[in-house]
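To keep things clear, I will list the structure first and then write my remarks on it.
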Amino acid sequence: MKIVICSGGTGSIALQTGLYKTFQDIDGVDIKILINAYDNGKSTGDVRRVAGGKILGPSDMRKNQTTRLSLENIKSPWLSYLDIRFTEESTKAKQYCEEQTDILRSQITDDISEVYEAIDIYFKKHSAEKINYTDFALANIVYAGLSIKHNNSLRMAGSVMARLMGISDNVILNDDTSLFLGAISKSGEHVSDEGDIVAWGKKDDPFVNVYFTDTEGYSFKPILCDEARDALIDADLIILSSGTFWASLMPTYVSIGFKEAMAQTKAKVLMVMNRFPDTDSPGQTGTEIINALVPSIFKEKQITIVADSSGSPQMNAFEKDIFNLIDRLYVDNLMMTGETSPSDMKKHNPIKLARLVGVAYFGDALTSSHFMFDYDDTLVGRGNKLPKSSRVNIVELNRLNSKLKNSLSICTGNSIKAIDLNIGEWHVDLIRSINIFADGGVNNYTYLEDTSSTDDNNRKITFNGCVNDSYIIPEEVINQLVWRLRDAGIQFYKIEIRGGVMISIKPIEQEYRKPILTLVKMILAEFVNIELVAKLSGRTTIEIAHKDISKADALRSILQQPNVTSITYVGDELLSGNDSPIAMLAQQDSRIKTLNVSSPSQTAFFLKTLSRGKSSYSL
């Protein structure tokens, strides 16, 4: 699962924290933090001036990487090092930085010679001696030195620091070109310093646009880099984080190529509203912020809003017309719990926020009375791929099966023998009385806690019958077919009878599948008055079954049960493959909802969201 968070410096800390805790036992999740780096205040502005304006401001790169480090390794000595702010005479500043780096080196075993080199590169700049080192961020000097070393690239500096800290290199830039941010207010006032934009505070004269200049003062607009464009287009979920809207977020959105990437992406786009207005937009409402983005940058109905019911009405109350521009609005109480400082009152509760993100992302798919899951590459990765996510899915499935009183089922086109609910340390007895539809999705089985019927793998199952008797192949036809296949040279061990409704031939190497399929079709032509067809399935299989057999029959049987008013089907092949008949059925039956997932990791996110309940409401 691929997620991109469009962020500033600290505005997405709660979001990153909540998502990290949600996904910490799930593999196959790729989260990228997309930032811009036009900060020009305090020590950030000083190091940019030392570099002759040729580097971007490192503070937001540093803040996001520090956030990641605190999540991945809270005991890392790097955290205290990156947090150092010092006051020294300019002639003693380099010595102080090196002494603090000596302390860091004594606490870790890795080579950090690049840090010393970066400090040396920075202080070799003549203008470094003219800086007032008061309340100065030491890490900004390191990032600046690394940027200068790598052809003035902050992105390369971030990669080096990620490697040194041992964290994911997941903080990317909209553009690695050094520019300076300005903003235009409603009255036409031009504010040319990023620090002044952040501290604007004029409720009656809000900003309406931003602009950029290069190191020579000429007008220049950032161009979205390939890395950022590809991440946005390939994403499953894009989250527009909270933060200072005009100073930290809007510069990314107005980058050349961003709008085009939003037009191409198939990702769900969520926007997390601030709990309270920020200083760069104190008078603007949530409605006004949406109007600044739609339709100028985002398509109408592309953005889903996530807002805090306990925050400022200015940020969570929207005018009716806004619903012509946005997809949905999800609102819940996201307030921090327990003792909180005044600054914490503006922050979202990380766990609540992550849960609401899941609710907004999956939407109506969470609201059904029954949930049916494909097995291969939806619940469990083939070939032991994504074992952590697969294990989470089985555990969550068990938890929900008890909680939701048998409102879950599994549907696979494969044999019941291919279903393995023993994932790692989790034993099959955890799964109690769960319905499984196998053999093309039409034979119903139940995993039970106690039964006298046991298959050859000691998995406790009971066969309940076929959901459509017309799919059952007469025994004499099966016997004749098997003998004809053997006579044609197909080894007996490759032929499997699946529940009386399907004959499968596997494994067949890729280069032989089509010739053998042609042979099987010729054999079937010898049988009159039967409606059997042969087709390729999976990666190595040919299946013989009734021409109309499909997983859709499993859904029809579930919908006939009392108390089932709607059903959500979760699968990885709804767009093509053996899940597609369900997608077609959903177009005809409003009771059926579908969720196409890219991997078991996305299913794990869905199941975790479902298991947490839905106390939020949507409008």
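The values are calculated or read from the model by the stated rules, or taken from the named source; none is laboratory data. Because the structure is predicted, anything quoted here is derived from the model rather than measured. FYI the Cβ positions are ideal-geometry reconstructions off the backbone, even for glycines, and counts take in every protein chain you see.
Considering the conditions (1) farther than 19 Å from D376 by Cβ; (2) modelled with pLDDT of 90 or more; (3) touching a helix residue (DSSP H, G or I) at 6+ places or on another chain (Cβ under 8 Å), K547 is excluded by exactly one of them, (3). Among the residues of region 173-229, those that are polar (S, T, N, Q) and within 17 Å of A292 (Cβ to Cβ) comprise S185, S187, N209.
Of the residues examined, S281 is one that is part of a loop (DSSP other than H, G, I, E, B), under 25 Å from G195 (Cβ atoms) and not β-branched (V, I, T). Tell me, which residue of region 217-260 that is in a loop (DSSP other than H, G, I, E, B), hydroxyl-bearing (S, T, Y) and touching a residue at least 60 places away in the same chain (Cβ under 8 Å) is farthest from S599 (Cα to Cα)? The selected residue is T244. Within region 416-447, the residues that satisfy the criterion of being part of a strand (DSSP E or B), at pLDDT 85 or above and of a type outside the set (S, T, Y) are N435, I436, F437, A438, N443, N444.
Looking across G383, G413, one residue alone is crowded, with 20+ Cβ neighbours inside 10 Å, modelled with pLDDT under 95 and small (G, A, S). It is G413. Just one of the numbered conditions (1) part of a helix (DSSP H, G or I); (2) at pLDDT below 95; (3) of a type in the set (V, I, T) is not true of T10: (1).
Consider region 301-339 and keep the residues that are polar (S, T, N, Q) and under 24 Å from G613 (Cβ atoms). The one that is modelled with the lowest pLDDT is T337. A search for C-beta distances below 9 Å between a residue of region 125-146 that is assigned by TED's automatic domain parsing to the domain that holds R85 and hydrophobic (A, V, I, L, M, F, W, C) and any residue that is assigned to a strand (DSSP E or B) and surrounded by fewer than 18 Cβ atoms within 10 Å (Cβ to Cβ), counting only pairs 6+ apart in sequence or on different chains, returns F136/R85; F136/F86; F136/T87; F136/E88; A137/R85; A137/F86; L138/R85; L138/F86.
Scanning region 203-251 for residues that are over 20 Å from F180 (Cβ atoms) and surrounded by fewer than 21 Cβ atoms within 10 Å (Cβ to Cβ) yields K203, D204, D205, D226, E227, R229, D230, I233, D234.
Yes or no, residue by residue, for (1) more than 18 Å from V442 (Cα to Cα); (2) touching a Gly at 6+ places or on another chain (Cβ under 9 Å); (3) among the acidic types (D, E):
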position	(1), (2), (3)
L519	yes, yes, no
A525	yes, no, no
V528	yes, no, no
I542	no, no, no
A552	no, yes, no
I558	no, no, no
D572	yes, no, yes
L585	no, no, no
T594	yes, yes, no
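The sole residue among S557, S550 that is touching a residue at least 60 places away in the same chain (Cβ under 8 Å) and surrounded by 21 or more Cβ atoms within 10 Å (Cβ to Cβ) is S550. When each of L154, L249, L164 is tested for being of a type in the set (A, V, I, L, M, F, W, C) and in the same structural domain as S281 (by TED's automatic domain parsing), the lone residue that passes is L249. Going through region 178-201 one residue at a time, which ones are surrounded by fewer than 17 Cβ atoms within 10 Å (Cβ to Cβ) and either among the aromatic types (F, W, Y) or more than 22 Å from A51 (Cα to Cα) (or both)? Result: I184, K186, S187, G188, E189, H190, A199, G201. Filtered by the rule that a residue be assigned to a helix (DSSP H, G or I) and not aromatic (F, W, Y), region 589-608 gives P600, S601, Q602, T603, A604, L607, K608. Among the residues making up region 7-27, those that are surrounded by 20 or more Cβ atoms within 10 Å (Cβ to Cβ) and within 25 Å of T378 (Cβ to Cβ) are G18, L19, T22, F23, I26.
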